[in-house]
Amino acid sequence: EFYHVLPVEDITQKGYEKKRAKLLANGNIPLVQGVDPSLQAENRVSGSSQATTTGVKQQKSRSTNSRDERFRSDVHTEAVQAALAKYKERKMPMPSKRRSVLVHSSVETYTPPDTSSASEDEGSLRRQGRITSTPFQSHSNVEPWLNRVIQGSSTSSSASSTSSHPGGKPAAASNTATVTAAATVLADLMAHTQLDNHSAPPDVTTGLVEHLHHERPQVASVRGVPRGYNSSILETADGVPVNSRVSSKIQQLLNTLKRPKRPPLKEFFVDDFEELLEVQQPDPNQPKPEGNQMNVLKGEPLGMVTNWPPSLLAALQRWGTTQPKAPCLTALDTTGKAIYTLTYGKLWSRSLKLAYTLLNKLTTKNEPLLKPGDRVALVFPNSDPVMFMVAFYGCLLAELIPVPIEVPLTRKDAGSQQIGFLLGSCGVTLALTTDACQKGLPKAQTGEVVTFKGWPRLMWFVIDGKHLAKPAKDWHPQVRDASAEIAYIEYKTSKEGSTVGITVSHASMLAHCHALTQACGYSEAETLTNVLDFKRDAGLWHGVLTSVMNRMHVISIPYALMKVNPLSWIQKVCSYKARVAVVKSRDMHWSLLAQRDQRDVSLSSLRMLLVADGANPWSISSCDAFLNVFQSRGLRPEVICPCASSSEALTVAIRRPPELGGPPPGKAVLSMNCLSFGVIRVDTEEKLSVLTVQDVGQIMPGANVCVVKVDGTPYLCKADEVGEICVNSGATGMAYFGLLGITKNVFEAIPVTAAGVPVSDQPFTRTGLLGFVGPDYLVFVVGKLDGLMTVSGRRHNADDVVATALAVEPMKFVYRGRIAVFSVTVLHDDRIVLVAEQRPDASEEDSFQWMSRVLQAVDSIHQVGVYCLALVPANTLPKAPLGGIHISETKQRFLEGALHPCNVLMCPHTCVTNLPKPRQKQPDVGPASMIVGNLVAGKRIAQASGRDVTQLEDNDQARKFLYLADVLQWRAQTTPDHPLFLLLNSKGTVASSASCIQLHKRAERVAVALLEKGRLNVGDHVALVYPPGVDLIATFYGCLYAGCIPITVRPPHPQNLATTLPTVKMIVEMSSEAEVLPCEGAEALAQTFPREAVAAPSLAVFKARLDTGAWSNLLQWKVSLPVAGGWDWMSFKVPSNTNNSVKFKQTRGSQFSCTCFIITLCNFWLFICWLEVFIFLFLPLPSVYSGHQSILVPPLELESNVSVWLSAVSQYKVRVTFCSYSVMEMCTKGLGTQTDILRMKGVNLSCVRTCMVVAEERPRITLTQSFSKLFKDLGLSARAVSTTFGCRVNVAICLQPNRLGKLAEQGTAGPDPTTVYVDMRALRHDRVRLVERGSPHSLPLMESGKILPGVKVIIAHTETKGPLGDSHLGEIWVSSPHNATGYYTVYGEEALHADHFTARLSFGDTQTIWARTGYLGFLRRTELTDASGERHDALYVVGSLDETLELRGMRYHPIDIETSVIRAHKSIAECAVFTWTNLLVVVVELEGSEQEALDLVALVTNVVLEEHYLIVGVVVIVDPGVIPINSRGEKQRMHLRDGFLADQLDPIYVAYNM
């Protein structure tokens, strides 16, 4: 490396920069430009292989005191920069964001995080332009060179870079998302993706041609262009446009997604039912430990001291009485002035007062509040060490157990609730605090301190002097010898966020003080500067306990002072001539910020600079940088003493100060790849993917240490193996308070040899530190168990990933210290999440570029992918007590969707390599299958039928007629005034009505107008452009009278002409209507049509006014009915999964038989119907046939007053009512809280025998159950609510008859519908596997109703068209007299017509003609019996075949994915999914603040991965109401897809998962 060439003495900043610039200019560093092409696909970047031998010799000849350049902290920075330069620039799609989300608030409102923001364990915080010594800050020379490399590579195309480097990863995104796709190239790409449909994602770009990157002008998209009827934008069978534009960002995403660089895992299935996730197979080439098994390491014996006190309290008593004037503790204010010095005499007397007061003056009901052994909370701010010390020793004197905790400032403090759980489990009832602190706590209205969330009720006691009582003369505390009783409890927050209390006994406390005194060489009256938190860890051990043992003087530097003046601790060392300073690496970094302003500081008095977090692998960078600057100010290199400690084992190891001797400091350059496998290998090749660690000294006096395997039984590690350090000593913690189980695991571990022999009869304590013992018995720590992330069997340390992220030029975009790294478990493996605070002045492009570069750096250095990278606004991450990031709280917020990031980049395609293997399809039943009787493949053929039509009772006069028009004329003559229809408005009053004679007369008028004014012939088509209502029914019958074919069309919506008008125009054009009958008052309709539509020669817009007397003279006109057997009417459908539209022909006979069956089954007396134009027109038709009255409620009226339906049911005592799921949902949501109000208004639903949900989909069980439960209080019987199933091919296949009326009493209603639970994973393989309720991946399916009379149903294989067996999933085929007869036109596709309406089985019964419904389902013979005594066959509808998604060779139903997504977060109102070029796109409606939008991205990705084993390609967050839903409550997913690709959704945020 080039560092070796630098002379040792020339280490000044100026000289360093000069040399560096010269070397860079001469091109002597073959780090980037000269990367060998063969290295491009390697996982790690080689460093310079040209390190001269002289440099090596020079290194060996150096004295131990001089700095070894090879271990400089900036080696890591160089590694990262070289790794980034390796990547050729490829365009990654930058997320698109709405402006309101972009600006969370103005820049002015942000206060930059106090420099404190550096996390407690973070490595460095530097301000640009104010740092010296490390090359990182001198961007002046580095940046142009680096930028040249990046700019030079950015000209290469995204496509060529992907194809030339098969292992390449996404590089930094460009600032502008340029268009890279053109229609012709896209067509090639699509053609390929269809062929490779079943390959494992995300390899959707294989075969991308080199010329893809030529930019072409993009076709502008016009909002609201009519979709689906122009042949130029037809779709292929897979739903991929042949000639349409795709968003350039999606194209970029396709270009970027490649298979992960790491070799793909072996993927497999056991059988088709089980999708087993890949179990990580160990790589045979991975490094393995080869050393001998280590032995237990024994520390030096504890020295015998003649006058050593028998306990800590005895020491305090001695100094308090013999040296009362000796200074004990000096407290400083925020300006650095000493505000108070506590002497040992004062400490002793005040502690006595407090102990006396606690034991004797605090009473409740004349009983002492406290007794010895009780726990007491100590709540003191970091700025008041004096009062804390008094409280701590006062509790010890009173034989109470102090539990020091942080000051809760608000009810929502990070981790505050967990602290409350700890206090509750410890039985704490009293909290000690200061007067100032108590005044600052939040108060309730009574003036008392509020009870914080999760906290027990506490009594707060202020220990300022005026509140303490003078001890009675005869009262003396018992100062006992150190015992095994608990002395104090120190809290610790675990990786998962739970807080535990670690108990330390009096004996352990004394032994620890003894060991620290010996290891640090403490002597009486020494001065010590303490920057750490004095309530716990090293701050407590050195600054409160050991200092009193040795009568030392402690200068306590408050956190608030360090924020204002980071150099304050150095100034105090200088002014007090302190011999020892206890700091963390962040304090050393902060002091570098301000050191230029101070020329007169000297550190020559220091004999020991204790680095409390020296166990951090990258604290070495702090030590190096600090020494480099302050060596000229008197700091000796050997004074820096890193140490390692843990809450459970207290101090584990410490580097001895120079006067105590000991081996020279050790450093190691370790291969990060080997470390991830738990193996220690010194990196001899000098690659850049290395970790440089320093030793943390020797183990503590009187301790035994060994290293054991991290997981499972604590076997001893080999000498070259990383494991968990375990300590056996008299100076460790005792237990987790109240938690016996984990106490045994952690505090009572028995390490064993490979043969299983215990190494000692004494238990060891697990420290939670990962490391090894190196040469000279020095301890090296490479990470912590709390920061361990095991990804695909390899171990990574969170701190190492933070260090890599810090090295990627963070100064411009993110706050240097505010980075959190943790792992979340998704799909049975750890996934790495990195969260950082973004500077408010950083642009979107810059931040995104930084994120993408971090991904590359981590991938190159650690060979692991980052699953999610999130940037949050400044100052929003939860803080730990002393300013660091509260990692577990951050993780909790991430998982709950409460982090509110302003930028997110997810990379599931890169990280998730343990998906099941894509399915290879194999037909279940082929033509060669053997059929024996009615068995196929050994199972009963899945076939069922309703009762025979001839069995129906023939006692109805209306049965004499052939057609409904005849029936209406007959009723007009026999019962002219009988009311048939009532139309209600939103107020519940009758808007219009029609009796038999009125309906007949209005129909006659229409017929005359059509024949005479419109000059229509029999068989001509007439479009009825009407909203639901009586007019629609009248014109419908008028068309039947005239022999014309009515086509019902919903009028264009005046507020949404752009999307609804093209639909109307499309229907008109497709069916060649001769007439358009618009609704009443619709003169404006002509203007809404495009000019060319009105001017079309085959179309005459004819306005028929039905309520005028224009044709009153024709009332006696007699209509002669047309010839039988023609079409009766047409139903129109725009499928939700395609843009084509189709019309279904319905014959008169089929309509008549359908009506007849419904009448027979429902036994109507009076029914109310939510009227829908297109498909449910058949529901009012039975009114004419049976003569019963129908009450109609139009959808728009219902929307404006949800309760009108239920009120009308109650008012008219309705027995049978029909509704759709959208109505049910409206009532459930809108009336959920109003049932009491409705009851007071007299709404009673006990009259309802049957409430039928008319559906063309799988029954929505949850919704129907919620509806039943909600309105149970209004008298609605749970058995009344039932489902039906019909589709355009056959509008009535299943219908659950009355279960409460006459039929039920007669026993002819049939059994109640059954619910089964099927395995969702098996369903993806087109199989039905019944499971128990509550099983994992179970999906409840409810029977769709009883098969109607005359209807036969069979389940056929979707591809072979062979019959399937019982409980096998296939397409539902139906045969019945009321089937639709075919499509009117689908662009002349006659084969399509034959395939759907005249289908025959490929074997078995090949004579019967069936209609294919297009729905997947299965038949299952139940144990229940029908009215006829036969066993009941239940039909279960699973979903529409057209809407299923083919992904990874499996069939997914969108509703299942959407259900999972809606459960992911409370703010998700609705969701829809669709695919685009093998990418799964999830559109989510956000019902809440836009700040929550980006939270949803990770949650949606997680839940789809966990529950469906699918990787989401694009997550789109939109406003409520954006997902188009038709009047039947069905999502129009393909309209949504078109809108998304045409950039018409105005999304809040679009995330492209990498």
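The values are calculated or read from the model by the stated rules, or taken from the named source; none is laboratory data. For clarity, every value in this text was computed on a predicted model and none was experimentally measured. Please note: Cβ atoms are built from the backbone with ideal geometry, for glycine as well, and neighbour counts cover all protein chains shown. The accessibility values were calculated without ligands, DNA or RNA, using every heavy atom of the protein model including side chains. Shrake-Rupley method; radii C 1.70, N 1.55, O 1.52, S 1.80 Å.
For SER647, the criteria (1) touching a strand residue (DSSP E or B) at 6+ places or on another chain (Cβ under 8 Å); (2) open to solvent by less than 10 Å² (accessible area, probe 1.4 Å); (3) over 19 Å from THR692 (Cα atoms) hold in every case but one, which is (2).
On the basis of being under 30 Å from ARG1050 (Cα atoms), open to solvent by 10 Å² or more (accessible area, probe 1.4 Å), out of contact with any Asp or Glu (no Cβ under 9 Å at 6 or more places or on another chain) and not small (Gly, Ala, Ser), does ASP1519 make the cut? Taking the combined requirement at face value, the residue does not satisfy it.
Of all residues in segment 533-557, those being open to solvent by less than 10 Å² (accessible area, probe 1.4 Å), more than 22 Å from ASN307 (Cα to Cα), outside any strand (DSSP E or B) and not small (Gly, Ala, Ser) number 4. Which one is nearest to GLN571 (Cα to Cα) among residues in segment 286-330 that are surrounded by 13 or more Cβ atoms within 10 Å (Cβ to Cβ) and of a type in the set (Gly, Ala, Ser)? Per the stated criteria, the residue is ALA326.
Across segment 1498-1547, the number of residues qualifying as of a type in the set (A, V, I, L, M, F, W, C) and within 17 Å of the chain's Cα centre (by Cα) comes to 14. Residues of segment 1406-1434 that are of a type in the set (Phe, Trp, Tyr) and loosely packed, with under 14 Cβ neighbours inside 10 Å: none at all. For segment 845-857, which positions are under 22 Å from the mean Cα position of the chain (by Cα) and open to solvent by 10 Å² or more (accessible area, probe 1.4 Å)? Matches in segment 845-857: LEU855 only.
In segment 80-98, the residues that are over 13 Å from LEU855 (Cα atoms) and modelled with pLDDT of 75 or more form no Cβ pair under 6 Å with any partner that is of a type in the set (Lys, Arg) and crowded, with 24+ Cβ neighbours inside 10 Å, whether six or more places apart or across chains.
Does ALA942 satisfy being over 30 Å from LYS1466 (Cβ atoms), modelled with pLDDT under 90 and open to solvent by less than 20 Å² (accessible area, probe 1.4 Å)? Yes, satisfied.
Among the residues of segment 476-527 satisfying the criterion of being of a type in the set (Ser, Thr, Tyr) and outside any strand (DSSP E or B), which is farthest from ASN307 (Cα to Cα)?
If we filter segment 476-527 for residues that are of a type in the set (Ser, Thr, Tyr), which is where we start, we get 483, 488, 491, 493-494, 498-499, 503, 505, 508, 517, 522-523, 527.
Next, only the ones that are outside any strand (DSSP E or B) stay: 483, 494, 498, 508, 517, 522-523.
Values: SER483: 19, SER494: 40, SER498: 42, SER508: 19, THR517: 14, TYR522: 15, SER523: 13 Å.
Per the criteria, the residue is SER498.
In segment 1379-1401, the count of residues that are aromatic (Phe, Trp, Tyr), crowded, with 18+ Cβ neighbours inside 10 Å and at pLDDT 85 or above is zero.
Each residue in segment 724-769 was checked for being more than 20 Å from LYS495 (Cβ to Cβ) and open to solvent by 20 Å² or more (accessible area, probe 1.4 Å), and 18 pass. Scanning segment 1534-1554 for residues that are closer than 27 Å to TYR867 by Cβ and in contact with a Pro (Cβ under 9 Å, 6 or more places away or on another chain) returns PHE1540, TYR1549, VAL1550, ALA1551, TYR1552, ASN1553, MET1554.
Condition check ((1) open to solvent by 10 Å² or more (accessible area, probe 1.4 Å); (2) farther than 16 Å from HIS1188 by Cβ; (3) at pLDDT below 85) across all residues:
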| position | (1), (2), (3) |
| --- | --- |
| ALA965 | no, yes, yes |
| PRO979 | yes, no, no |
| ILE997 | yes, yes, no |
| VAL1008 | no, yes, no |
| ASN1017 | yes, yes, yes |
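Taken as a whole, segment 1219-1232 holds no residue that is open to solvent by 60 Å² or more (accessible area, probe 1.4 Å) and under 20 Å from GLY1029 (Cα atoms).
Counting the residues of segment 483-523 that are farther than 30 Å from LEU895 by Cα, open to solvent by less than 30 Å² (accessible area, probe 1.4 Å) and of a type in the set (A, V, I, L, M) gives 9. Among the residues of segment 689-708, just one is open to solvent by 10 Å² or more (accessible area, probe 1.4 Å) and part of a loop (DSSP other than H, G, I, E, B), namely GLY702.
Looking across segment 1210-1240, the residues that are over 28 Å from LYS1531 (Cβ atoms) and either part of a helix (DSSP H, G or I) or within 38 Å of the chain's Cα centre (by Cα) (or both) come down to SER1210, GLN1211, THR1235, ASP1236, ILE1237, LEU1238, ARG1239, MET1240. Tell me whether segment 805-814 contains one or more residues that are in a strand (DSSP E or B), crowded, with 21+ Cβ neighbours inside 10 Å and not basic (Lys, Arg). Yes; the residues of segment 805-814 include at least one that is in a strand (DSSP E or B), crowded, with 21+ Cβ neighbours inside 10 Å and not basic (Lys, Arg).
Filtering segment 463-485 to residues that are charged (D, E, K, R) and in contact with a strand residue (DSSP E or B) (Cβ under 8 Å, 6 or more places away or on another chain) leaves only GLU485. For segment 1492-1509, a residue qualifies if it is surrounded by fewer than 24 Cβ atoms within 10 Å (Cβ to Cβ) and assigned to a loop (DSSP other than H, G, I, E, B), and exactly one does: TYR1509.
Count, please, the residues in segment 1018-1050 that happen to be over 51 Å from the mean Cα position of the chain (by Cα) and of a type in the set (A, V, I, L, M, F, W, C).
9
For segment 1186-1202, the tally of residues that are open to solvent by less than 20 Å² (accessible area, probe 1.4 Å) and not in a strand (DSSP E or B) stands at 5. With respect to (1) at pLDDT 80 or above; (2) buried (at least 23 other Cβ atoms within 10 Å of the Cβ), the lone exception for ILE1261 is condition (2). Quick one: how many residues across segment 858-896 are open to solvent by 10 Å² or more (accessible area, probe 1.4 Å) and either within 15 Å of the chain's Cα centre (by Cα) or free of Cβ contacts under 8 Å to residues at least 12 places away in the same chain (or both)? Summing the residues that are open to solvent by 10 Å² or more (accessible area, probe 1.4 Å) and either within 15 Å of the chain's Cα centre (by Cα) or free of Cβ contacts under 8 Å to residues at least 12 places away in the same chain (or both) in segment 858-896 gives 6. When every residue of segment 1350-1363 is checked against the conditions, none turns out to be open to solvent by less than 20 Å² (accessible area, probe 1.4 Å), modelled with pLDDT of 85 or more and over 17 Å from TRP1410 (Cα atoms). From the list THR1475, THR1459, the one residue that fits, being part of a strand (DSSP E or B), among the β-branched types (Val, Ile, Thr) and open to solvent by 10 Å² or more (accessible area, probe 1.4 Å), is THR1475.
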